[in-house]
Protein chains: 2
Amino acid sequence: MKKRYSFLILLFLFGCTHAPAKQDAVFQNAPIHALLAGCYTGTMTVQELEKRGDFGLGTLDALDGEMVVLDRIFYQIKPDGKAYRLGGDATSPFATVTFFKKDQEFSPGEALSYKDLTQFLDERLLSSNLFYAVKVEGRFKTLKARSAPRQNKPYPVLTEAIKDQKVFEWENLEGTLVGFRVPPYMEGINVPGYHFHFLSKDRTIGGHVIDFQVEGPRIEAGEGRKFMMELPENEEFLKFRFEADTREAIATVEK
Amino acid sequence: MKKRYSFLILLFLFGCTHAPAKQDAVFQNAPIHALLAGCYTGTMTVQELEKRGDFGLGTLDALDGEMVVLDRIFYQIKPDGKAYRLGGDATSPFATVTFFKKDQEFSPGEALSYKDLTQFLDERLLSSNLFYAVKVEGRFKTLKARSAPRQNKPYPVLTEAIKDQKVFEWENLEGTLVGFRVPPYMEGINVPGYHFHFLSKDRTIGGHVIDFQVEGPRIEAGEGRKFMMELPENEEFLKFRFEADTREAIATVEK
């Protein structure tokens with residue numbers, strides 16, 4: 001009997017010291033500067049990322065398409081605009097994920113473009129100094145998106161790699177925008193402002209969003225007050241050279 | 001017997017879900033931009049900060065002096081240059097702390113100035129893209145430091161508040177430099193490069209370091225590959241206005 005108690009007590013203490021706490025944080029596995037500089041080697045697996053979030057976006061090893069995470073499933077959007085479920089061992093060099101928790105919701109009656117949506121949210125979200133995870137479901141009358149093609153080593157910088165991007169345009173498509181509004185002081189770490197990836201309702205189509213016209217949007221926003229970043233351990237990251245003036249580069253890669 | 005087992009199992013599950021994991025991260029409770037903008041209201045207590053680190057630096061509520069954390073003790077350096085142990089309920093609007101873990105150590109034979117030390121470390125630390133916690137013990141032939149005086153509301157921006165700083169110069173003093181080397185991409189969140197606070201061996205004197213000449217330095221550096229930030233919840237933080245070009249402001253407040 002004493003042995004059983006000892007075992008259970010040891011089990012409890014093990015749980016105390018090794019319990020993986022569910023991170024209530026916006027999580028990243030690299031700063032945006034690393035991606036801009038051409039650090040495209042995947043450093044964290046989907047299996048590791050899914051412990052940090054069930055919602056988010058990013059890219060994949062070798063910049064092989066866009067990544068979107070929705071309802072705990074990780075998808076790759078290839079340059080054909082099609083979405084493919086990722087296996088647990090797929091890797092990402094840059095991903096922003098969180099466990100989505102709705103704090104505010106809106107159902108504006110009118111149709112919104114990308115610009116309209118950002119203005120709508122800027123007038124209603126509590127503070128420009130907090131993170132927001134933003135989800136928008138609706139009927140996309142038009143949607144313009146892109147996906148970047150797989151790169152070969154030696155990797156070019158992101159502004160060069162993006163020149164090969166494939167752009168798709170769809171009409172009358174139901175689906176979800178998955179993204180974040182990032183505070184302006186995060187400039188070296190992520191892209192300030194709005195960034196969305198798209199996934200169709202049937203989960204077969206997606207991409208990095210350039211523009212849209214969405215009807216009947218149902219918008220959910222979740223505040224993020226914690227931010228966590230784990231830096232890569234590979235040579236590529238340890239050696240990349242920081243370039244101070246990247247605002248133009250960021251504007252280029254986002255559009 | 002079954003009730004006892006049930007209790008122990010519940011205890012284990014509680015441990016699993018509520019265990020406070022020791023954060024192996026560099027932790028901050030606000031971005032530097034908030035401090036630059038005049039957000040001086042303390043948002044996290046010493047009692048909360050000591051769960052995030054036993055080493056670091058920062059400031060205190062109302063910018064009331066400099067804070068230095070060494071060997072788990074939190075100190076306030078007042079404008080008289082004297083160090084006072086802080087109680088658990090003292091608050092800080094901006095602190096950078098970590099649990100210090102030595103990864104590299106050096107004992108250069110020669111005396112070093114601030115500039116010499118930064119060059120010495122830049123040649124030896126693994127990567128400019130990682131965080132480093134840096135501790136330097138030695139005999140300070142000369143040391144120039146400052147402490148900022150308590151501010152009144154409405155709080156001025158940091159470049160204005162710093163004009164009231166008191167500067168001290170000491171000679172032949174044993175003590176420790178407590179600080180960090182921050183990667184360049186962290187520009188909006190912290191101050192890139194080196195930042196040290198000083199604490200004398202007898203723990204009675206300290207300040208934000210401006211320059212020094214240290215003899216027989218014993219240097220320890222700990223890599224930081226994880227970064228965590230928890231944002232304040234007060235009106236002051238939610239409303240502060242981000243100013244895009246702060247490099248000049250940061251240079252001013254550091255020196």
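Can you confirm whether B:Glu233 is within 24 Å of B:Gln119 (Cβ to Cβ) and open to solvent by 10 Å² or more (accessible area, probe 1.4 Å)?
no
Of all residues in the range B:128-155 being open to solvent by less than 60 Å² (accessible area, probe 1.4 Å) and of a type in the set (Gly, Ala, Ser), which is nearest to B:Asp24 (Cα to Cα)?
Among them, the one singled out is B:Ala133.
If B:Tyr185 passes every condition in (1) part of a helix (DSSP H, G or I); (2) more than 9 Å from chain A (Cβ to nearest Cβ) but one, which one does it miss?
Unmet condition: (2).
So which residues in the range B:35-69 are farther than 20 Å from B:Ala148 by Cα and in a strand (DSSP E or B), if there are any at all?
Selection gives B:Phe55 alone.
When the range A:107-141 is examined, which residues are found to be of a type in the set (Asp, Glu), at pLDDT 95 or above and under 17 Å from A:Glu174 (Cα atoms)?
The answer is A:Glu137, and nothing else.
Out of A:Glu243, A:Glu248, A:Glu169, report the one residue that is assigned to a helix (DSSP H, G or I) and among the acidic types (Asp, Glu).
A:Glu248
From the set of residues in the range B:236-255 that are within 11 Å of another protein chain (Cβ to nearest Cβ) and closer than 21 Å to B:Phe131 by Cβ, which is least open to solvent (accessible area, probe 1.4 Å)?
Among them, the one singled out is B:Thr246.
Return the total of residues in the range A:126-141 being within 19 Å of A:Glu187 (Cβ to Cβ) and more than 17 Å from the chain's Cα centre (by Cα).
3
Suppose we filter A:Asp71, A:Asp116, A:Asp80 for residues that are open to solvent by 40 Å² or more (accessible area, probe 1.4 Å), farther than 21 Å from A:Pro232 by Cα, away from every other protein chain (no Cβ under 14 Å) and free of Cβ contacts under 8 Å to residues at least 12 places away in the same chain; which single one remains?
A:Asp116
Taking the range B:171-196 as the region of interest, how many residues are acidic (Asp, Glu) and farther than 18 Å from B:Thr142 by Cβ?
Here the count works out to 1.
Taking the range B:189-223 as the region of interest, how many residues are within 14 Å of another protein chain (Cβ to nearest Cβ) and crowded, with 22+ Cβ neighbours inside 10 Å?
Residues in the range B:189-223 being within 14 Å of another protein chain (Cβ to nearest Cβ) and crowded, with 22+ Cβ neighbours inside 10 Å: 2 in total.
Quick one: in the range A:162-188, of everything that is among the hydrophobic types (A, V, I, L, M, F, W, C) and buried (at least 22 other Cβ atoms within 10 Å of the Cβ), which residue is farthest from A:Asp54 (Cα to Cα)?
Out of the qualifying residues, it is A:Met186.
Matching residues to (1) surrounded by fewer than 22 Cβ atoms within 10 Å (Cβ to Cβ); (2) at pLDDT 95 or above:
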| site | (1), (2) |
| --- | --- |
| B:Leu11 | yes, no |
| B:Gly15 | yes, no |
| B:Leu60 | no, yes |
| B:Leu63 | no, yes |
| B:Gly87 | yes, yes |
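Looking at (1) in contact with a strand residue (DSSP E or B) (Cβ under 9 Å, 6 or more places away or on another chain); (2) in a loop (DSSP other than H, G, I, E, B), which one does A:Asn129 not meet, given that it meets all the others?
(1)
The values are calculated or read from the model by the stated rules, or taken from the named source; none is laboratory data. Bear in mind the structure is a predicted one, so any value in this text is a computation, not a measurement. Don't worry about glycine lacking a Cβ; one is built from the backbone with ideal geometry, like all the others, and counts go over all protein chains shown. With ligands, DNA and RNA removed, areas are computed over all heavy atoms of the protein, side chains included. Shrake-Rupley method; radii C 1.70, N 1.55, O 1.52, S 1.80 Å.
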